[in-house]
Amino acid sequence: MSDPQGMSIVVRVVTRWLFGLILIFGLAVALFGHVTPGGGFAGGTIVACAFVLAILAFGGSRGPGAAFARWASSLDATGALSFLVLAILGYTAGSFLHQWAARGELFTLGSTPSIVLLNLAILLKVGAGLFAGFIAVAVFEGAAGSEKGADA
Amino acid sequence: MVDIIPLFVLIPLGAAFVCLLAKKKLPAAAPTVSLASALALLAMAVACHVEGASGASIAGAWSLELHGGVAFIPGIALVLDGLSAIFLLLVALVSSVVIVFGLRYMDSYDGRPLYYALLNLLIAGMNGAVLAGDLFNLYVFIEIASIASYALVAFGTGGHEIEAAFKYLMLGAVASASILIGVGILYASTGLLNMADIGAMVAAGNVSEGALLAAAALFLGGLGLKAAMMPFHAWLPDAHPSAPAPISAMLSGLLIKTLGIYALVRILYVVIGMDGPLGGSLQTILLVLGCVSMLGGVLLGLGQTDFKRLLAYHSISQMGFVLVALGANTWLGVAAGLFHAVNHALFKGALFLSAGSIERITGTRDLSKMGGLAKVAPMTAVGTAGAALSIAGVPPFNGFWSKLLILIALFQAGLPVVAAAAAITAVLTLVCFTKVQRKALFGKLPDRLATAKDVPLSMSMPVLLLALLCLLGGLMWPLGLDDVIGDAAAAVRTDAETNDAPASYRKLVHDLGRKP
Amino acid sequence: MMMYALAAVLLGVGLYGLLVKRHLLKKVLGLLIVEHAVNLFLIQLGYIDGGIAPIRTAGEEAAAFVGNAVDPLPQVLVLTSIVIGLGLAMLMVALTLRIYQRYGSLDADRMSELKG
């Protein structure tokens, strides 16, 4: 872990500008994952990187990274559970993981709402999970069992 | 019935994440949720068997429909046939017992919600592996179960545990890489991942022998390491004893079978084909590796004084029995091998759990410092004795019948030398466990243990239950159990000259994968 | 063919690091290289010369798309395998940290279990 004060003023100011942009980029990559390259995993990685950047710039005790660190583990489990719930909703349309929401026009955001929602659940799971893993390794504490399920 | 198949993976996976979510606020929820999920799985597995026995469809395939109406439906096929069903039942049974045992045993560990989360993940991975209908998902589920098991071996966080986990992780990851390359080679030469379809192409002779040989070698190496066959066994005697007792029971009782034996049987018999051009050499390899594991495991086990380490060596040896039985390549051989795998899960589960109880009672795992436990801890002693008699192959316990069947199968297949090796191993096992019983359960009670007390009922009853099942397993063989195991074996090997089991597996996948 | 050879060389490098080096972090790095060698091998299985990314955009002919696109399945496999590798890498690093905490060293020769 770096100095608790974080890094120099230049880095902190630039991070303040970039942080939101990176978040939005990650969200966009996940939201349009079904029609463009990307998806929940790629988006989640980008979001996690935004928070890692915040931790590096502001130190472990301040800024959005520190706030997210407290919730990362719970959000990780929430993301996984919401994926499961969305997948089970597929039973209403016939079988597990079936597309239960009405499909829209091809090549638009609304073409498959159920896959968009699944991508968002993965975004939450991967973003929080990766960040929790980073925290666990970086601050040298936390239990050894950092588990990962595959999200494919 | 077909619709519930995904639930075998979903329920433990959901339970794992609920345990994680409730980690801080409600840590007491984790054991309840885990037990409920394990019992639900047990009920579902029993229901599958009852349905199968009554003639309804025990088998089904389920498929994710991407674009309805396309002739070939892509998706994650989960296939339930007789072989999968028996392993599902076994996983559900042993994991329920293990969770009950852990309720009190895990009191002395920190971070229990994490333990339950990882345990559920392990169960989800094993259930997924026995249900997976295509090679890649088989690999993914094997990895999920393996990663959970690496973390669980390190759960005690002592130096010994973490070193064992590191070694296990390194070797396990190389094995996984080898399996993945094998999957890649089969995909490159067939363009398919579905095990039934690849099996059909291989049977039709459309796959080059070189590719098949490379894939078979990689799978044997990778899965052999997961099953702790003798040249690849180095991790097991460190990893299995290091985990907490319930986890040792899961790893030795279930993990090496679902990841190792089940996957080997499925791939060798259904995908690569034991009747194909490679059949003869595969059979030889299985027999040789099996003999080496059998004899090597038991000989290394003879000198051990650490109870759990001794049990770990015997796991290798008993896996050898299963391998030679599979190598016989007849219906009886497969049936005897599966019966022995089931029996091993029961008695080795009981023995590892009782090793935990004994460690709790005496404070040591060193056999030479124990003695006379039958006087101070009668419940534990009875359970341990039952399980030890079973692994030693004393009639009428189940271990005797499955070893006898393996010997008969080997003689029928014209392999008297292998049968002799199996018989020698059985005798050495008997010697070893007689020694264990004399040292631990009977004989003189050391003075410092005079005031020792038996473990609580929630720890002794699971051991007794498993020991009782060992006894019943032996008695039930002629009364219906042979049908269940026989069905499981017939799912991969029918005893005819031309084996039509792979064909019926393919029919299963194709009929049920295409919903009207 | 060049790239398959590269994957094989990478596999060899990784295995060498894993088996020969005595420093635990080097073992970890060796394992990561092995994993990526396997990924490199897998991703090439679906490659066709001059192929396009298997993502269909609006207005593209279905037949032309199917003809030109590389096989998407190996890409899915590799993505999943990368995710698994990530989980494995985290666990490995966590274990290595624990070992360092306990022994103050990452030399495998100083540990009781890791010889050989």
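Screening residue C:32 on (1) free of Cβ contacts under 8 Å to residues at least 24 places away in the same chain; (2) out of contact with any Ser or Thr (no Cβ under 8 Å at 6 or more places or on another chain) shows it passes everything except condition (1).
Pairing residues of the range B:434-452 that are part of a loop (DSSP other than H, G, I, E, B) with residues that are open to solvent by 100 Å² or more (accessible area, probe 1.4 Å), at Cβ distances under 7 Å and at least 6 apart in sequence or on separate chains, gives B:445/B:375; B:446/B:369.
Scan the range B:8-30 residue by residue and report those that are open to solvent by 30 Å² or more (accessible area, probe 1.4 Å) and more than 11 Å from chain A (Cβ to nearest Cβ). Across the range B:8-30, the qualifying residues are B:26, B:27, B:28. What do you reckon, is residue B:142 farther than 19 Å from residue B:261 by Cβ and either open to solvent by 10 Å² or more (accessible area, probe 1.4 Å) or within 14 Å of chain A (Cβ to nearest Cβ) (or both)? Spelling it out, it is not the case that residue B:142 is farther than 19 Å from residue B:261 by Cβ and either open to solvent by 10 Å² or more (accessible area, probe 1.4 Å) or within 14 Å of chain A (Cβ to nearest Cβ) (or both). Could you list, in sequence order, the residues of the range B:423-433 that are among the β-branched types (Val, Ile, Thr) and in contact (Cβ under 8 Å) with a residue 40 or more places away in the chain? Within the range B:423-433, B:424, B:425, B:429, B:431 meet the criteria.
No other residue among B:242, B:248 is surrounded by 24 or more Cβ atoms within 10 Å (Cβ to Cβ) and touching a Pro at 6+ places or on another chain (Cβ under 7 Å) apart from B:248.
Matching residues to (1) within 25 Å of the chain's Cα centre (by Cα); (2) of a type in the set (Lys, Arg); (3) closer than 21 Å to residue B:342 by Cα:
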{"residue": "B:400", "(1), (2), (3)": "yes, no, yes"}
{"residue": "B:403", "(1), (2), (3)": "yes, yes, yes"}
{"residue": "B:412", "(1), (2), (3)": "no, no, no"}
{"residue": "B:415", "(1), (2), (3)": "no, no, no"}
{"residue": "B:421", "(1), (2), (3)": "yes, no, no"}
{"residue": "B:424", "(1), (2), (3)": "yes, no, no"}
{"residue": "B:436", "(1), (2), (3)": "yes, no, no"}
{"residue": "B:450", "(1), (2), (3)": "no, no, no"}
{"residue": "B:454", "(1), (2), (3)": "no, no, no"}
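For the range C:65-77, the candidate set comprises residues that are open to solvent by 70 Å² or more (accessible area, probe 1.4 Å) and among the β-branched types (Val, Ile, Thr); within that set, the residue that is farthest from the other protein chains (Cβ to nearest Cβ) is C:66. For the range B:312-332, give me each residue that is farther than 18 Å from residue B:225 by Cα and either at pLDDT 90 or above or out of contact with any helix residue (DSSP H, G or I) (no Cβ under 9 Å at 6 or more places or on another chain) (or both). Scanning the range B:312-332 gives a single hit, B:325. Among residues of the range C:78-99 that are more than 9 Å from chain A (Cβ to nearest Cβ) and part of a helix (DSSP H, G or I), those with a beta-carbon under 8 Å from a residue that is of a type in the set (Gly, Ala, Ser) and surrounded by fewer than 19 Cβ atoms within 10 Å (Cβ to Cβ) at least six positions away or on a different chain give the pairs C:99/B:159. Filtered by the rule that a residue be out of contact with any Asp or Glu (no Cβ under 9 Å at 6 or more places or on another chain) and surrounded by fewer than 24 Cβ atoms within 10 Å (Cβ to Cβ), the range B:147-160 gives B:156, B:158.
Could you tell me whether residue C:11 is within 24 Å of the chain's Cα centre (by Cα) and either surrounded by fewer than 22 Cβ atoms within 10 Å (Cβ to Cβ) or over 18 Å from residue B:171 (Cα atoms) (or both)? The answer is yes for residue C:11.
The set of residues in the range C:14-29 being basic (Lys, Arg) and open to solvent by less than 70 Å² (accessible area, probe 1.4 Å) consists of C:27 alone. Within the range C:46-64, none of the residues are under 30 Å from residue A:134 (Cβ atoms), crowded, with 18+ Cβ neighbours inside 10 Å and modelled with pLDDT under 90.
The values are calculated or read from the model by the stated rules, or taken from the named source; none is laboratory data. Remember, predicted model here, so these are calculated numbers, not experimental data. Note: ideal-geometry Cβ built from the backbone for every residue, glycine included; neighbour counts use all protein chains shown. In case anyone asks, the SASA skips ligands and DNA or RNA and just uses the protein heavy atoms, side chains included. Shrake-Rupley method; radii C 1.70, N 1.55, O 1.52, S 1.80 Å.
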